[in-house]
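The values are calculated or read from the model by the stated rules, or taken from the named source; none is laboratory data. Everything numeric here is computed off the predicted structure, so don't read it as measured data. When we count neighbours, we look across all protein chains shown, and the Cβ atoms used for this are built from the backbone with ideal geometry, even at glycine. Note: accessible area is taken over every heavy atom of the protein model, side chains too, but ligands, DNA and RNA are not part of it. Shrake-Rupley method; radii C 1.70, N 1.55, O 1.52, S 1.80 Å.
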Amino acid sequence: MTVVPEINLSDVAFWRRPMEERLAAFARLRALDRPVFMPEVKIPFLPQGRGYHALVRYADVTEAGRNAGVFSSEPAANSVPDLPRWMAVYFGSMINMDDPRHARLRRIVSRAFTPRILTKMEEDLQRAAHRIVAEAEEEGDFVTQIAAKLPVRVTCDMMGIPQAWQDEVLRRTNLILGNMDPEYTGLEPRFGRVNIARGLAKLLGAGHALSRMAKRLGRERRRDPTGDLTSLLVNGEERLTPQELGSFFILLVVAGSETTRNAIAHALTLFTDHPEQRELLLSDFDRYMPGAVEEVVRYASPVVQFRRTLTRDHEMNGHTYRKGDKVLLYYGSANRDESVFTDPDVFDITRNPNPHVGFGGPGPHYCLGAHLARREITVMFRELFDRWPRLRAAGEPDRLLSNFINGVKHLPYAT
């Protein structure tokens, strides 16, 4: 068992460190001859496991993602501790399932991504992006004024969530993904029982509110379908149960809205820090934007990690894992793997090939909304650069304290 005492991915303090230090730490871990083992931190009210193997190399991350029969998403993929029932009722979505349950839910929710739905979504997306940019000031906070608005608006419109509810949706999703960050929780990230209890209560409150919102809409659409995604999901021979609808909505707004918003925010910083790449993009937007999107997602890697659990003893890339072992797939580290990407620390929108795992990599859990995320990023920057060709970040990003999302809370911008 390999351990590097000065690098503890389970410690909140690690995720407070500057990004350059974190990237250097992951580079050290990739250089080891086997995955490092990280002990779990004891969190009051949650079951504690022995620890997990940190998969930081591209070969390990992609193979584990592809081999779902051995590297299981059950009982939890979005949490290092197993989720107790009182949490799984809200956060036990299909990303925490294997086939056949996962296949059934994915088949149902794939109705959101048919050609007809995507065509309508494209029209709605362009209108929403145009309106957001038209209403934006010439300087301010890029995240709150621009980046955070588009994905949540598109997701809510797709589900049929009324516009009057959308600010509440954004506030609740901020709390779910920012459950380590004092700005969103109002609590310091300490592991005392009282503090943890308060944090869990806020997390559960956010999950309950979003689930209740989706269930209420589902009841209305069962009585009076309108053709939106909620109507499609609760009617027909195969349909989501009320609990499944609530969990799916939480997944959609959290995974869909938040990760895309962070990719948009990271993109502005990257184009500001690399003006030659911005000039290349603006020289022929349609030619270079597809590659720019892929490079932003690779370089920023908005999703830090997901968990898998071994269903049996297994050897992978010369290392033996035992049944019941936990592994964490660190996508950002895999996307900087020197054995796969030439000059991985260089931001290059012409990078080709670019087999990044920013959308989860190969396997049954590849991001169902990847196409939508690409379109949101593309449409938003077309609107932004059409209006403000010299748009730039006017300061350093204020990063989210999280071991799950590489998030940006605030980013000053100027035009």
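Quick notes
- Beyond 17 Å, the tail of the calculated P(r) for segment 64-119 holds 47 percent of the Cα pairs.
- Placing unit charges on each Cβ (+1 for Lys and Arg, -1 for Asp and Glu) gives the chain a dipole about its Cα centre, and among 359, 197, 142 the Cα reaching farthest toward its positive end belongs to 197.
- Remark: segment 120-178 carries a charge dipole of roughly 300 debye about the Cα centre, counting +1 on each Lys and Arg Cβ and -1 on each Asp and Glu Cβ.
- Taking the charge dipole of the chain about its Cα centre, with +1 at Lys and Arg Cβ atoms and -1 at Asp and Glu Cβ atoms, the residue from 240, 384, 49 reaching farthest to the positive side is 240.
- Volume per residue for the chain equals 134 cubic angstrom (convex hull of Cα atoms).
- Taking all protein chains into account, the per residue accessible area for the chain stands at 43 Å² (1.4 Å probe).
- The heavy atoms of residue 303 present about 30 square angstrom of accessible area, all protein chains included, probe 1.4 Å.
- Sorted largest first by accessible area at a 1.4 angstrom probe radius, with every protein chain in place, the residues 224, 284, 325 fall in the order 224, 284, 325.
- Gyration tensor verdict on segment 55-205 (Cα atoms; rounded if a/c is under 1.5, prolate if a/b is larger than b/c, oblate otherwise): oblate
- Only protein heavy atoms count here; under a 1.4 Å probe, residue 123 has an accessible surface of about 100 Å².
- By the Cα gyration tensor, segment 1-64 has an equivalent ellipsoid whose semi-axes, rounded to whole angstrom, run 20, 16, 11 from largest to smallest.
- Segment 80-118-segment 153-174 distance, computed between alpha-carbon centres (Å): 19
- Ordered from largest to smallest accessible area (heavy atoms of protein chains, 1.4 Å probe), the residues 171, 307, 239 come out as 171, 239, 307.
- Accessible surface ranking for 313, 98, 1.4 angstrom probe, highest first: 313, 98.
- Cα shape, segment 140-263, gyration tensor, a/c 1.5 rule: oblate
- A straight Cα-to-Cα reach below 25 Å connects residue 42 with the lysines 202, 323, 326, residues fewer than 8 places away in its own chain not being considered.
- Of the solvent-accessible surface of the chain, computed with a 1.4 Å probe over protein heavy atoms with every protein chain present, carbon and sulfur atoms account for 52 percent.
- The chain, helix-only ellipticity at 222 nm - DSSP H runs n ≥ 4, -39,500 (n - 2.57), divided by all residues, nearest 500: -14500 deg cm²/dmol
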